[in-house]
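The values are calculated or read from the model by the stated rules, or taken from the named source; none is laboratory data. Note that the structure is predicted; figures quoted are calculated from it, not measured. Reconstructed Cβ throughout: ideal geometry from the backbone, glycine too, with neighbour counts over all protein chains shown. SASA here: full protein model, heavy atoms, side chains in, ligands and nucleic acids out. Shrake-Rupley method; radii C 1.70, N 1.55, O 1.52, S 1.80 Å.
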Amino acid sequence: MVTIYEKKPGLSRRELLKRGSVGALLVISGSAVISPEHAWGLQTSALKPETMATLIQMARDIYPHDQVPDKYYAIAVKAHDEQADKDPAHKDLIEKGIADLDLKSGKDGYTGLGWEEQRVAVLREIEDTPFFQAVRGGLVVGLYNQKEVWPIFGYEGESYSKGGYMARGFDDIEWL
Amino acid sequence: MAAPFDLKNDGVVVIIGSGAGGGTLGNELAQKGIDVIILEAGARHEYEDFINDEWDSFAQLAWTDKRTTSGDWRVAKDFPNLPAWIVKSVGGSTTHWAGASLRLQEHEFKTLSTYGKLEGANLLDWPITLADLEPYYAKAEDKLGVTLTNNIPGLPGNNNFKVMKAGADKLGYKECHTGRMAINSEPRDDRNACQQTGFCFQGCKWGAKWSTLYTEIPKGEATGHLEVRPNAMAIKINHDASGKVTGVVYADKDGKLQEQKARIVAVAGNSIESPRLLLNSASSQFPDGLANSSGQVGKNYMRHTTGSVYGVFDKPVHMYRGTTMAGIIRDEARNDPSRGFVGGYELETLSLGLPFMAAFLNPGGWGRSFTTALDHYDHMAGMWIVGEDMPREENRITLHADIKDEHGMAVADVHFDDHANDTAMRNHAYKQGSALYAAVGATRTFPTPPYPSTHNLGTNRMSEKAADGVVNKHGQAHDIKNLFVSDGSQFTTGGAENPTLTIVSLAIRQADYIAEQMSAKSI
């Protein structure tokens, strides 16, 4: 199970500034990644929360959908934390992969690169690595198989219980 | 009542596989009073158990046992252990199929004569003609309830079809309609009419689409002459010193090996598993595998020249609503070498849900070029290309040298390289599909690579001469007269049409032949 929970930030602006922040959106607090603006947090158990925050950014850069909130990318990469908890080799793959990504990105690391293009250029350098393929491959199901994101793309999912589309627009196209 | 037959009963016909070939053959024989056991590797899921969810359904129905791949086809890179998207469940791939039911064309039974010798292609004429098969096509169309045959009305066109039809008209295509589908457009054969639910590939929860699971199999069981044994994975076919087959060794639901004795064995496990089983049944008498004196078992693997074209429009389409494949253009199915290739192709509507679109639109793709396509998912229309591919000896199923399955049986390796004719045809179809959508205002089109194979054909080919193939014109092994092949692996060449109707027609014809031969005591 993915442990994503709604959380009121409860942090003052000053407190937020004192803590490490990733980009402009995500805040690291203890073992959690928190989105103060959107009131959700993600607890990590095996991976460093900083690693998780970078993974979330990386996930968005691999499959960028501007209309999809960070929360769903966080859910999609959370599986790596769970797998890392069970499998030290996987933990190593992800932690080293993220460390390498930061190294290749210059002094402020991957999330320090301001433009998606800059980050994508770094990803292109590593796209054949097992690390990149593990993250990308996991996202194909992890991101797009979340029922909550389907409506964002206009996909309606299960239809049998509603009697199919016989009376719900299977042939409602009007612009042809 | 389903008859449970004894393992030692050596008077039964044992069929391996319960799909279009095996399920049909089983019922046809049972209706004639012949005792039949169908060994099915998968479990039995009835249609109310099907799931309207792509990945969950895949986990329920798909054949996901390990296979390996090689060759230059892109599937080998993107899905190295999933060469085919077929089913392991009672009903086989008739649970998953789209329902398109087309007869092969006359020239497609005579490809060597029609196309001539093509370098790198192992073309051969079928030992039967369209005229031989026509009476059986008629029976099969009635059995399946194919729309636009037998006065059955066509299905209503959904949004995806309407886009295709508008584009077909603009391009001047003449033959574009919603048939011929083995999906009830009105209640028939005690089954519901289509409710335009989508999810045809996930098993029809209404039972409106023909599947052996809820037609042939229960009808056969009702005679008392058919037993379907699920979770029974065939491992080896045994034979006696005279070279006749005597029984089938299978792993039961607990993984325990059993032997079912048989008077006749019919192999119908799809074009990957059927040759795998024959090869795995090698003995000192048949060191290259059963029925393989020609050396053709496993060779000439065909998968149809496929691909998809998706188009994005500035207004919504909702292509996933309604029947997945009720829409076809047949104009390109003719043989017209002036296009730069022999043979032809069909264009058929297709849609995938968002999860599978993400997996199959451009496997391995990422970044905005990929994601902006998905951003317009509800503004997309889609079509599938299905055309005749060239048989090649090098394209083949072999037993993997090292990797074994849970029963210790070598897994199948699927090798496939495109022939230049396949590539030329696919490129032509990509161009036509893109032009069709552009003609209706598409702002972007995607030539999408082939999915893991759904039409697996040719690996136990039918031939006039024993030296050229594995089985004769009745699907009977040239080498062993009480061994039959009853699935698409007996296709000599693939044609441009979805193969199920032909598989069913061959099975009906084969049942007549087996019954005749049994009463004449020649087998």
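Report yes if A:W175 is loosely packed, with under 14 Cβ neighbours inside 10 Å and within 9 Å of chain B (Cβ to nearest Cβ), otherwise no.
Spelling it out, A:W175 is indeed loosely packed, with under 14 Cβ neighbours inside 10 Å and within 9 Å of chain B (Cβ to nearest Cβ).
Every condition in (1) part of a helix (DSSP H, G or I); (2) within 28 Å of B:G17 (Cα to Cα); (3) open to solvent by 30 Å² or more (accessible area, probe 1.4 Å) is met by B:H107 except one, and the failing one is (2).
Checking the structure you have, find out if any residue of the stretch B:115-126 is in a helix (DSSP H, G or I) and in contact with a His (Cβ under 9 Å, 6 or more places away or on another chain). Yes, some residue in the stretch B:115-126 is in a helix (DSSP H, G or I) and in contact with a His (Cβ under 9 Å, 6 or more places away or on another chain).
Can you confirm whether B:V87 is in contact (Cβ under 8 Å) with a residue 40 or more places away in the chain, touching a strand residue (DSSP E or B) at 6+ places or on another chain (Cβ under 6 Å) and hydrophobic (A, V, I, L, M, F, W, C)?
In short, no.
Residue under question is B:L290, and the condition is that it be within 14 Å of another protein chain (Cβ to nearest Cβ) and at pLDDT 95 or above; does it hold? It is false that B:L290 is within 14 Å of another protein chain (Cβ to nearest Cβ) and at pLDDT 95 or above. Looking at the structure I just gave you, is B:S274 surrounded by fewer than 23 Cβ atoms within 10 Å (Cβ to Cβ) and either more than 14 Å from chain A (Cβ to nearest Cβ) or in contact with a Ser or Thr (Cβ under 7 Å, 6 or more places away or on another chain) (or both)? No; evaluated as a whole, the condition is false for this residue. For the stretch B:390-414, the candidate set comprises residues that are of a type in the set (D, E) and touching a His at 6+ places or on another chain (Cβ under 8 Å); within that set, the residue that is nearest to the other protein chains (Cβ to nearest Cβ) is B:D413. Has the stretch B:8-20 got at least one residue that is part of a helix (DSSP H, G or I) and in contact (Cβ under 8 Å) with a residue 40 or more places away in the chain? Yes, some residue in the stretch B:8-20 is part of a helix (DSSP H, G or I) and in contact (Cβ under 8 Å) with a residue 40 or more places away in the chain. Residues in the stretch B:235-249 that are in contact with a strand residue (DSSP E or B) (Cβ under 6 Å, 6 or more places away or on another chain) and open to solvent by 10 Å² or more (accessible area, probe 1.4 Å): B:I235, B:K236, B:N238, B:H239, B:D240, B:T246, B:V249. Among the residues making up the stretch B:148-172, those that are among the polar types (S, T, N, Q) and either surrounded by fewer than 23 Cβ atoms within 10 Å (Cβ to Cβ) or without any contact (Cβ under 8 Å) to a residue 40 or more places away in the chain (or both) are B:T149, B:N150, B:N151. Against the list (1) open to solvent by less than 30 Å² (accessible area, probe 1.4 Å); (2) more than 9 Å from chain B (Cβ to nearest Cβ); (3) over 14 Å from the mean Cα position of the chain (by Cα), the condition A:T129 fails is (1).
Here B:A326 clears all of (1) more than 14 Å from chain A (Cβ to nearest Cβ); (2) modelled with pLDDT under 95 except the condition numbered (1).
For the stretch B:28-52, the tally of residues that are under 30 Å from B:T197 (Cβ atoms), open to solvent by less than 10 Å² (accessible area, probe 1.4 Å) and over 19 Å from the mean Cα position of the chain (by Cα) stands at 1. Does B:V504 satisfy the criteria of being farther than 25 Å from B:R334 by Cβ, crowded, with 24+ Cβ neighbours inside 10 Å, in contact with a Gly (Cβ under 8 Å, 6 or more places away or on another chain) and hydrophobic (A, V, I, L, M, F, W, C)? Spelling it out, it is not the case that B:V504 is farther than 25 Å from B:R334 by Cβ, crowded, with 24+ Cβ neighbours inside 10 Å, in contact with a Gly (Cβ under 8 Å, 6 or more places away or on another chain) and hydrophobic (A, V, I, L, M, F, W, C).
Any residue at all in the stretch B:217-225 that is without any contact (Cβ under 8 Å) to a residue 60 or more places away in the chain and open to solvent by 30 Å² or more (accessible area, probe 1.4 Å)?
Yes, that holds for at least one residue.
Sort out which residues of the stretch B:2-25 are more than 20 Å from B:K481 (Cβ to Cβ) and touching a helix residue (DSSP H, G or I) at 6+ places or on another chain (Cβ under 7 Å), and write them in order of number. Of everything in the stretch B:2-25, those that are more than 20 Å from B:K481 (Cβ to Cβ) and touching a helix residue (DSSP H, G or I) at 6+ places or on another chain (Cβ under 7 Å) turn out to be B:A2, B:G17, B:S18, B:G19, B:A20, B:G23, B:T24. Tallying residues that are aliphatic (A, V, I, L, M), within 23 Å of the chain's Cα centre (by Cα) and open to solvent by 10 Å² or more (accessible area, probe 1.4 Å) within the stretch B:394-409 yields 1.
Rundown of residues vs (1) surrounded by 23 or more Cβ atoms within 10 Å (Cβ to Cβ); (2) more than 10 Å from the chain's Cα centre (by Cα), yes/no style:
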| residue | (1), (2) |
| --- | --- |
| A:A39 | no, yes |
| A:A46 | no, yes |
| A:M52 | yes, no |
| A:D61 | no, no |
| A:K71 | no, no |
| A:A76 | yes, no |
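Of the residues making up the stretch A:142-157, just one is at the interface with chain B (Cβ under 9 Å from one of its Cβ atoms) and surrounded by fewer than 16 Cβ atoms within 10 Å (Cβ to Cβ), namely A:K147. Restricting attention to the stretch B:350-389, the residues that are at the interface with chain A (Cβ under 9 Å from one of its Cβ atoms) and either over 22 Å from the mean Cα position of the chain (by Cα) or open to solvent by 20 Å² or more (accessible area, probe 1.4 Å) (or both) add up to 17.
Just to check your reading of the model, which residue among B:A193, B:A208 is within 11 Å of chain A (Cβ to nearest Cβ), among the aliphatic types (A, V, I, L, M) and open to solvent by less than 10 Å² (accessible area, probe 1.4 Å)? Criteria check complete, one pass: B:A208. Condition test on A:L139, is it facing chain B (nearest Cβ under 10 Å) and either open to solvent by 20 Å² or more (accessible area, probe 1.4 Å) or not polar (S, T, N, Q) (or both)? Criteria met by A:L139. Scan the stretch B:465-497 for residues that are closer than 24 Å to B:Y137 by Cα and surrounded by fewer than 24 Cβ atoms within 10 Å (Cβ to Cβ) and jot them down. Selection gives B:N472, B:K473, B:H474.
A:R119 fulfils the conditions (1) closer than 24 Å to B:A373 by Cβ; (2) within 13 Å of another protein chain (Cβ to nearest Cβ); (3) more than 16 Å from the chain's Cα centre (by Cα) except for a single criterion, (3).
Exactly one residue out of B:E175, B:E186 is more than 10 Å from chain A (Cβ to nearest Cβ), over 14 Å from B:T94 (Cα atoms), open to solvent by 10 Å² or more (accessible area, probe 1.4 Å) and in contact with a Lys or Arg (Cβ under 8 Å, 6 or more places away or on another chain), and it is B:E175. Every test in (1) open to solvent by 10 Å² or more (accessible area, probe 1.4 Å); (2) away from chain A (no Cβ under 14 Å); (3) of a type outside the set (F, W, Y); (4) out of contact with any Leu (no Cβ under 8 Å at 6 or more places or on another chain) is passed by B:G343 save one, and that test is (1).
Of a type in the set (S, T, N, Q), open to solvent by 10 Å² or more (accessible area, probe 1.4 Å) and within 14 Å of another protein chain (Cβ to nearest Cβ): does that describe B:S338? No, not satisfied.
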